[in-house]
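First the structure, in the form of structure tokens, and then the observations on it.
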Amino acid sequence: MGLDFLILYEHPVREYESDLLLKLELQRRGYTAEIRQLLDRKKLKYFTWKKPKVLVASCMYDNEAINSHVYNNVGRLNKIVNLHWEQMLSDTQEEGDWFNMGGNAKKCVQTCWGRRTAARLAAHGMQEKNCPVTGAVMMDFLRPEFRGYYKDKAALCAEFGLDPAKQLHLYISSFGYASMTEAEVRELSAMAGTDFTGFAATNRASMAETLSWFDRYLADHPEVELVYRRHPSEWNSPALAGLAARRPNFHVIFERGVKDWIVAADSISIWMSTAIAEVYMAGKSCHILRPMPIQHEYDPVIYAGARCVTSYEAFLAAMADPHPPFPIAKEVIEGYFDPSPAPAYKRMADLLEQVYKEPPRDAPMGPGFAPHFNWLKFFALWGVHLLFALRLPPQKLFFFHKGLAGFAQRIYGYVEKAYVPKARAQAMEQALRPFVQ
């Protein structure tokens, strides 16, 4: 029996919850749907008797992405819908070729969270039929229909040993480059073909000044619990550890999703994270803390013209304001995140149903696409997944061959980061199902 929809995810924290919501809605409508990770083992059934009618991808920028995400997972297929997870870009990225789709990726259905993104893609040569506006599925969890899905402040504070009677302030960090060494920044710059040296310096200086604000403020405000939601790359930061040791009301917490903390927080501050859209959709406001300007080529365009807090005195005033206005204009943020009475997951499911029932809108695997099956990755994935099941890191197993160990260890690391345990997946589905039914 064939499969109706196969949903591929790349980053579980960013995508899995939304993919699961979409899958449950499709199943509620009577379709078959499965979720798999991009680097899961390739299986014969998805090329043959369980070949999906529609492939729902996480990323689809060029012909190589079509080959990697589609052809190497299910073979030839022209019904490709991209959930398009990277839509909050800088002005430089918006103007460049990569994020505006190249080659036959323009013939895939590229879903858009808002009309501004759809207009940008159309201006770069995409047909309107292939860039429909659906809204952003991950924002649905903040709608009134999902009230009760996240823990309230008291429950979240109890889980992490915080005092629920105190004001809970959330800071959403994006200082991913601050913990990197100069050598690591140079290596990343060489890989990406972009010089990140200046942006890394901005990260370090902005983080240092922001932490000094927190240090001064928390010393005078013991009635505040400040939760610092670190960036994934800030896993080894002496500056954070030092402030946490010095101020008992400063807490570096990475557990739980950012939406959990947004829902529970009494006040919120942010640097340049695109999570500012989640704050807006949750019906809350926030302060944008910018001790120094950010280079425009790295700053998300949604922040253009935003009101920012640039000094400690302004920070004090902002923290004292119980009802601050939202720092980004309504027409800007809703241009990127389309408001609608209908949840985005239902709009997305409507689109997927339409793609399923109708002939292909275009031919992504037609003229201009040259498929090639990656046999090296095919065998490597089987081997790495076996090692992962046995918890045998390749760098230890293949110590005798540095090149092989490094190649296998990189894939092993990707598999490990993307792994969602079966029990965790089942628990998430059980928690979500009542909201869909």
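The values are calculated or read from the model by the stated rules, or taken from the named source; none is laboratory data. Since we're looking at a predicted model, the values are computed, not measured. No Cβ is skipped: glycine too gets one built from the backbone with ideal geometry, and neighbour counts run over all protein chains shown. Heavy atoms of the whole protein, side chains included, go into the accessibility calculation; ligands, DNA and RNA do not. Shrake-Rupley method; radii C 1.70, N 1.55, O 1.52, S 1.80 Å.
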Below 15 Å, Cα to Cα, which aspartates and glutamates can Lys166 reach? Residues fewer than 8 away in the same chain don't count.
Asp152, Asp220, Glu223, Glu225, Asp266
Take each of the peptides 406-412, 364-370, average the number of other beta-carbon atoms within 10 Å over its residues, and list them starting from the highest.
406-412, 364-370
Dipole of the range 332-437, positive end: most advanced residue of Gln409, Ala344, Pro360 [Cβ charges, Cα centre]
Gln409
Tell me, what does the Kirkwood hydrodynamic radius of the range 233-286 come to in angstroms if you use every pair of distinct C-alpha atoms?
12.7 Å
Apply the Karplus parameterisation 6.51 cos²θ - 1.76 cosθ + 1.60, with θ equal to phi minus 60°, to every residue of the range 159-165 and state each ³J(HN,Hα) to the nearest whole Hz, in sequence, with x for glycine and proline.
5, 10, x, 9, 8, x, 7
Length gain on complete extension for the stretch Lys45 to Ala205, per 0.36 nm per residue less the alpha carbon to alpha carbon distance?
52.4 nm
Amide N proximity, the range 35-57 versus Lys377 label position 7 Å along Cα-to-Cβ, cut-off under 16 Å
36-44, 47, 56-57
At what distance in angstrom do the alpha carbon centres of the range 151-173 and the range 364-437 lie from each other?
35 Å
Kindly rank 339-347, 316-324, 205-213 from highest to lowest mean number of other beta carbons found within 10 Å of each residue.
205-213, 339-347, 316-324
Treating only the Cβ atoms of Lys and Arg (+1) and Asp and Glu (-1) as charged, compute the dipole magnitude of the range 6-163 about its Cα centre; round to the nearest 20 debye.
1040 debye
Taking 0.36 nm per residue of separation and subtracting the Cα-Cα distance, what length does fully extending Asn236 through Tyr414 add?
62.1 nm
Dividing the helical contributions, -39500 (n - 2.57) per DSSP H run of n ≥ 4, by the residues of the chain yields a 222 nm value, nearest 500 deg cm²/dmol, of -12500 deg cm²/dmol
For the range 311-437, what is the charge dipole size about the Cα centre, in debye to the nearest 20, if Lys and Arg each add +1 at the Cβ and Asp and Glu each add -1 at the Cβ?
960 debye
Relative packing of peptides 236-243, 221-228 - highest average C-beta neighbours within 10 Å first:
221-228, 236-243
Using the Cα gyration tensor of the range 141-272, the equivalent ellipsoid's semi-axes, largest first and to the nearest Å, work out to 29, 19, 11
Please give the net charge around Lys151, taking every other residue with its beta carbon less than 14 angstrom from that of Lys151, where Lys and Arg add +1 and Asp and Glu add -1.
0
Glu358/Asp220 FRET efficiency (R0 56 Å; Cβ-Cβ; nearest 0.05):
0.35
Using the Karplus curve 6.51 cos²θ - 1.76 cosθ + 1.60 with θ = phi - 60°, what ³J(HN,Hα) values do you get for each residue of the range 318-328, in whole Hz, with x for Gly and Pro?
5, 5, 7, 7, x, 9, x, x, 5, x, 10
Expressed in angstrom and rounded, the centroid-to-centroid distance over alpha carbons for the range 64-135 and the range 219-297 is 31 Å
For Ala380, net neighbour charge (Lys/Arg +1, Asp/Glu -1) across residues whose Cβ lies under 14 Å away:
+3
Leaving out ligands, DNA and RNA, and with a 1.4 Å probe, what % of the accessible surface on the chain is carbon or sulfur?
57 percent
Suppose R0 equals 45 Å; then what is the FRET efficiency for Asp163 and Ala123 from their Cβ-Cβ distance, rounded to the nearest 0.05?
0.30
Measuring from its Cα centre, the range 59-147 shows a charge dipole (+1 at each Lys and Arg Cβ, -1 at each Asp and Glu Cβ) which, in debye to the nearest 20, is 440 debye
Around Pro359 (Cβ within 15 Å, Cβ-to-Cβ, excluding Pro359; K/R +1, D/E -1) the net charge comes to +3
Among Cys131, Val279, Val54, which residue has its Cα furthest toward the positive end of the charge dipole of the chain, with +1 on Lys/Arg Cβ and -1 on Asp/Glu Cβ?
Val54
One can check that the equivalent ellipsoid of the range 310-370, built from the alpha-carbon gyration tensor with semi-axes equal to the square roots of five times its eigenvalues, has lengths in Å, largest first, of 45, 18, 9
Which one, [x] 35, 29, 23; [y] 73, 28, 16; [z] 37, 26, 23, gives semi-axes √(5λ) of the Cα gyration tensor in Å as derived from the coordinates shown?
[z]
When each of Lys259/Lys330; Lys42/Lys417; Lys42/Lys357; Lys377/Lys402; Lys45/Lys106 is checked by Cα-Cα distance, pairs over 23 Å:
Lys42/Lys357; Lys45/Lys106
³J(HN,Hα) computed for each position of the range 374-382 - Karplus, 6.51 cos²θ - 1.76 cosθ + 1.60, integer Hz, glycine/proline x
8, 5, 4, 5, 4, 6, 4, 5, 4
Can you tell me the mean projection area, over all orientations, of the convex hull of the range 67-205's alpha carbons? Units nm², please.
13.3 nm²
Need the full-extension length gain, Lys396 to Thr32, defined as separation in residues times 0.36 nm minus the C-alpha distance. One decimal, nm.
127.0 nm
Rounded to whole Å², per residue accessible area for the range 294-437 with a 1.4 Å probe reads 59 Å²
